[in-house]
Amino acid sequence: MLIRFGFEISVTCTQPVPMLLALSTHTEFAGRLIGVDQVRSDRAAPITEYVDTYGNRISRTVAEPGWTTFWSDCVAEVDGQPDNIPYGAIQHRIEDLPHETLNFLTASRYCDSDSLANFAWANFGGTNEGWDRVAAICAYVHNHVTFGYKFGRPDKTARDVLEEKSGVCRDFAHLGVSLCRAMNIPARYASGYLGDIGVPDTGFDDFCAWFEVYLGGRWHTVDARYNAPRIGRILMVRGSDASDVAMITSFGAYQLANFRVWTTEINDQTTDSELLSMLETRPEPRASGPDFGSAVPGAVHLI
């Protein structure tokens, strides 16, 4: 399966603002990439890239005064299979877990799992360990939380999501991660592109957050917002929670002026040369995306 994916994000500043942009595919993304998968800009300021401790590719730049548009446009070849459901995957004893998973058992900035332990054990302690328990948590979050962009805010924790019963996709992920960690299941936050492939068209594309759990000796994708296997995920970032992988981390004030994302399936008979020719021009907008509002000094824009 071929998927064209990319974004166009415009910001305005009154003075130079250093920024970190978590907007590239992850170093462990399994698909084949055709084209240039790098954050680019219409301004002269250089953009450099480094890989953080979670394997995320982070772009580093300074947004100059005035209007700056950051963008990327690329094609990924993926297997086209829906998310795997790991029926029967076992839950490991803590003493048997690999060292690198232990960090994903403890509370973090937005995943306050320590405050949800009593709730988690009271509601999911009677489920079978392993995948059955994760599936029960995912179904609960899916049924308990109402999705809406108006419910998003940058200081919202998993407990807030539980109590307010509303949020954006990262809030679904944060609550799922927190409840799993409270039950001694390693869980980490993830996000990337997820287009309307194999599902009804929503009218515009966006980034999406989900989470991953460690069961049966490997990590598995879990999506509490949709609670159903999806096709065509393109992994961008992983972390303990969204604070590790904000789309934009700014060290100064800016205004978010434009935001659009595209994730479109392309005929799989299209040749690489045809794809590269297609990428010479960014796609036309389908519709306006969600309004994320303006930023303040030191703010992050979270998926």
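Read-outs: derived from the displayed coordinates by stated rules, not from any lab. In this text the structure is predicted, and so the values were computed from the model without any measurement. When we count neighbours, we look across all protein chains shown, and the Cβ atoms used for this are built from the backbone with ideal geometry, even at glycine.
In this simple spin-label model, placing a label point 7 Å from the Cα along the Cα-to-Cβ direction at both Ser277 and Thr202 gives a separation of 3.4 nm.
Estimated from the Cβ-Cβ distance and a Förster radius of 41 angstrom, the FRET efficiency linking Glu265 and Glu164 is about 0.70.
Here region 94-240 is treated with +1 on each Lys and Arg Cβ and -1 on each Asp and Glu Cβ, and its dipole about the Cα centre works out to around 160 debye. Using the Cβ-Cβ distance between Tyr50 and Arg109 with R0 set to 22 Å, the FRET efficiency from 1/(1 + (r/R0)^6) comes to roughly 0.55. Only one residue of Val51, Gly148, Gln81 has its Cα farthest out toward the positive end of the dipole of region 35-192, where Lys and Arg carry +1 and Asp and Glu -1 on Cβ, and that residue is Gly148. Structural descriptor for the chain: relative contact order 26 percent, calculated from alpha carbon pairs under 8 angstrom and at least 6 residues apart.
Spacing of the modelled spin labels on Lys150 and Asn227, each 7 Å from Cα toward Cβ, amounts to 2.3 nm.
Relative to its Kirkwood radius, the Cα radius of gyration of region 186-226 gives an Rg/Rh of 1.06. Every Cα-Cα pair in region 85-207 was counted, and those over 18 Å apart are 55% of them.
A simple rule links phi to the HN-Hα coupling: the Karplus curve 6.51 cos²θ - 1.76 cosθ + 1.60 with θ = phi - 60°, which for region 59-65 gives 9, 10, 7, 10, 6, 7, x Hz, with x for Gly and Pro. Only residues of region 118-135 count here: report those whose backbone N is under 20 Å from the spot 7 Å along Cα→Cβ of Ile90, or say none. The answer is 127-135.
When Rg and the Kirkwood Rh are both derived from Cα coordinates, the Rg/Rh ratio for region 137-211 amounts to 0.98.
The calculated 222 nm mean residue ellipticity attributable to helices in the chain amounts to -5000 deg cm²/dmol, summing -39500 (n - 2.57) over DSSP H runs of n ≥ 4 and dividing by all residues.
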